[in-house]
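First comes the structure, then the notes that go with it.
The values are calculated or read from the model by the stated rules, or taken from the named source; none is laboratory data. Given the structure is predicted, the values throughout are model-derived calculations rather than measurements. Cβ placement follows ideal geometry from the backbone for every residue including glycine, while neighbour counts extend to all protein chains displayed.
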Amino acid sequence: MSESVRIRGVVETRAELTAISKHLRSTRPMENTAKAVSEHIDKRTAAGLDYRGHRFEPYSEAYKKQKGQSRVDLRKSGTMLGAKKSRAISPTHGQVFIDDAREPGGQSADMIAALHNLGRAKGGKVREFMNITQSALNKIVKEHMDDPLMKVLKRS
């Protein structure tokens, strides 16, 4: 005596597992995540805020006169933030960085960014813009990594 059992949904399940595997191996979600982090930094920096949401430390009086403005603007020449790039190194590792573009006068944009972040720029004020809070990062990861994966899972 033999019994026959028919299992439905195997083909569909296999297709969904393939889609999940493809998503997890792809660098595209990480590329989108790194790009969104970079855009988050741009938006916040344009508003004159550090990564924690605090106003940038003000310019010294002498530097205000030299620069001709009192509002701290890390975008003034455009070289430093214009050299900011993002990339996916792997499906689980992304990077936002200042490329080694040169400012007029020979200083590299990545060196100037580091000086601002560490408080070693003119006036010694810390203006930490190349960072992101964990909560802001979690929102971006959810949007670009978790939500697309959940869409695939909900289909199955």
- Could you check Glu103 against (1) more than 29 Å from Ala15 (Cα to Cα); (2) surrounded by 14 or more Cβ atoms within 10 Å (Cβ to Cβ); (3) modelled with pLDDT of 80 or more and say which number it fails? (3)
- Query: Pick from the range 1-31 the residues that are assigned to a helix (DSSP H, G or I) and among the basic types (Lys, Arg): which of them is farthest from Lys76 (Cα to Cα)?
  - Reply: Arg14
- When every residue in the range 77-100 that is aliphatic (A, V, I, L, M) and assigned to a strand (DSSP E or B) is compared, the one modelled with the lowest pLDDT is Ile98
- Message: Criterion first (among the basic types (Lys, Arg), surrounded by fewer than 16 Cβ atoms within 10 Å (Cβ to Cβ) and in contact (Cβ under 8 Å) with a residue 40 or more places away in the chain) does Arg44 satisfy it?
- Response: no
- Task: Enumerate the pairs (first residue in the range 7-25 and within 18 Å of Met145 (Cβ to Cβ) and among the basic types (Lys, Arg); second residue anywhere and at pLDDT 85 or above and surrounded by 10 or more Cβ atoms within 10 Å (Cβ to Cβ)) with beta-carbon separation below 7 Å, excluding pairs fewer than 6 apart on the same chain, so at least 6 apart or on different chains.
- Result: Arg25/Pro91
- Query: Picking from Ile132, Ile140, which residue would you name as being in a loop (DSSP other than H, G, I, E, B), among the β-branched types (Val, Ile, Thr) and under 30 Å from Lys22 (Cβ atoms)?
  - Reply: Ile132
- If we scan the range 32-41, do we find a residue that is under 22 Å from Gly124 (Cβ atoms), basic (Lys, Arg) and part of a helix (DSSP H, G or I)? no
- Where Met30 falls short, out of the listed (1) in contact with a Pro (Cβ under 7 Å, 6 or more places away or on another chain); (2) farther than 30 Å from His116 by Cα: (2)
